[in-house]
Every structure is written in C-alpha cells, then in structure tokens.
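Working notes for the structure below.
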Amino acid sequence: MATWDPADELNHPLDFLLIQNGFVSLFCQRTILDEAMTWLGQRSYKVIYLDAALWRLSADMHRDMAEALDFPAYYGHNLDALNDCLSDVATQSYGWTNAAAGLVVVIDGYDKFAKRDARTAHLLLDIYARQAAYAALFGNRMMCLVRTDDRRIEVPQVGGTSVTWNHRE
C-alpha cells in the first residue's frame, strides 16, 4: 500500500488519523466506532470484529483470534504463538491479502476482558501494535480499534507508544 499524500496535510483521511500516533486507537461511543468501521470497509480494508466482552478466559481470545485471522491448525493458543502468527499476518501469509487496503481488528468490550485478565488484555494489544509496526515495514497497514465503556481506562504503552483516543473523542 502506498503512503499517504503529504499534500493532504490538512485533509488526511480517517485511516491516516487513526494510525498517525500508533496502531491502537481507543473508542467509547459505539456510533463513532461503527462509522469508522463502515468508512474503512468502504475503502477496501478487511475489518474483523471481535467481542471481547464474551471472553471469559484467555483461551476464548485465542480461539476467536485464530478463527478470525485463519491461523494454521498448529497454532499454540498462547501469547508466544499469537506473536508468531501475527507476524505471519503482518506479511500477509494468511489472515488477509494484498487485495485489501489494510487489516483492521476491532476489539469491542475490551474493558470487560481487561477486568478479567488485565495482563493478557494488555499483551494482546502490545503484540498487535508491534506486529502492525512490522507490517508497515512491508507497506502493509494494520490497525486495532478498541472500544471500551470505561472513559477513564488507562492502557499502558503498547508497541512502545501510548494508546490514545480516536480524534473524535
């Protein structure tokens, strides 16, 4: 995927705005998230929606990530294996193809899962952010949109950068 046009400095599109400060963006308002998902989908991004509020155990997260991103059958269902498979996703070995403008993983209800398993919830975002940065080295766009009901949520740095709210909230 080509870079954005620097001539559009004051008119950058939504995808640029979402990843300019990092590959993970926070959302609270469902309507704003829905609008972002629609906009990205209309521009050929592959958008994957995951409901983290339903994840009772880390095994639930691993199952849903593996299914959504077509991880191979040998996926180990642990954080090291998640990192390895997302590295392959970053280079489009599976999970998406270069026909897509980019890959967007939407994690709804993040705060619910983080209350149950804060360490795994944070490491999921950290691993994703690191692999999104890796993907960028190959011209591949990956981003993670994280919705929470908790407007005061504090997410530690992921991929070496702060997790910030989307530009509308």
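The values are calculated or read from the model by the stated rules, or taken from the named source; none is laboratory data. If you're wondering where the values come from, they're calculated on a predicted model, not measured in any experiment. Backbone-built Cβ (ideal geometry, glycine too); neighbour counts: all protein chains shown. Just so you know, the surface numbers come from the protein's heavy atoms only, side chains and all, with ligands and any DNA or RNA stripped out. Shrake-Rupley method; radii C 1.70, N 1.55, O 1.52, S 1.80 Å.
Here are some notes:
- Most fluctuating residue given options LEU50, LEU14, LEU40, as computed from a GNM of the chain linking Cα atoms under 10 Å: LEU14
- Per-residue 3J(HN,Hα) values for segment 40-45, derived from phi via the Karplus relation 6.51 cos²θ - 1.76 cosθ + 1.60 with θ = phi - 60°, read 5, x, 5, 9, 6, 6 Hz in sequence order (x marks Gly and Pro).
- Amide H partners (placed H, <5 Å) of PHE71, local residues excluded: none
- Accessible-area composition of segment 1-116, carbon plus sulfur, in percent [1.4 Å probe]: 50
- Listed residues ILE32, ILE127, ILE19, most fluctuating in the chain (Gaussian network, C-alpha, under 10 Å): ILE32
- Summary of the geometry: segment 48-91 and segment 94-169, compared by the centres of their Cα atoms, lie 13 Å apart.
- Per-residue Karplus couplings for segment 71-81, computed as 6.51 cos²θ - 1.76 cosθ + 1.60 with θ equal to phi - 60°, are listed in order as 4, x, 4, 7, 3, x, 6, 9, 5, 5, 5 Hz, Gly and Pro entered as x.
- At 1.567 mPa s and 4 °C, Stokes D of segment 19-86 from Kirkwood alpha-carbon radius, µm² per second: 93
- Contact order normalised by residue count of the chain, Cα under 8 Å, 6+ apart, percent: 35
- According to the Cα-based calculation, Rg over Rh for the chain is 0.94, with Rh computed by the Kirkwood formula.
- Mean residue ellipticity, 222 nm, helices only, the chain: the sum of -39500 (n - 2.57) across DSSP H runs of n ≥ 4, divided by residue count and rounded to 500, is -12500 deg cm²/dmol.
- Per residue, the solvent-accessible area of segment 56-169 (1.4 Å probe, heavy atoms of protein chains only, all protein chains present) comes to 47 Å².
- Using the average count of surrounding beta-carbon atoms within 10 Å as a protection proxy, the listed peptides 61-68, 42-49 rank, highest first, as 61-68, 42-49.
- Most fluctuating residue given options ARG141, ARG119, ARG152, as computed from a GNM of the chain linking Cα atoms under 10 Å: ARG152
- Percent of beta bridges antiparallel (DSSP, segment 35-169, rounded to nearest 5): 10
- Less than 5 angstrom separates the built amide H of VAL106 from those of ILE48, TYR49, LEU50, LEU145, all sequence-distant by 5 or more or on a different chain.
- Beyond 15 Å, the tail of the calculated P(r) for segment 106-152 holds 49 percent of the Cα pairs.
- Residue-wise HN-Hα coupling along segment 120-137, computed from phi with Karplus coefficients 6.51, -1.76, 1.60 (Hz; x: Gly, Pro): 5, 4, 5, 5, 4, 5, 5, 5, 4, 4, 5, 6, 5, 5, 4, 4, 4, 4
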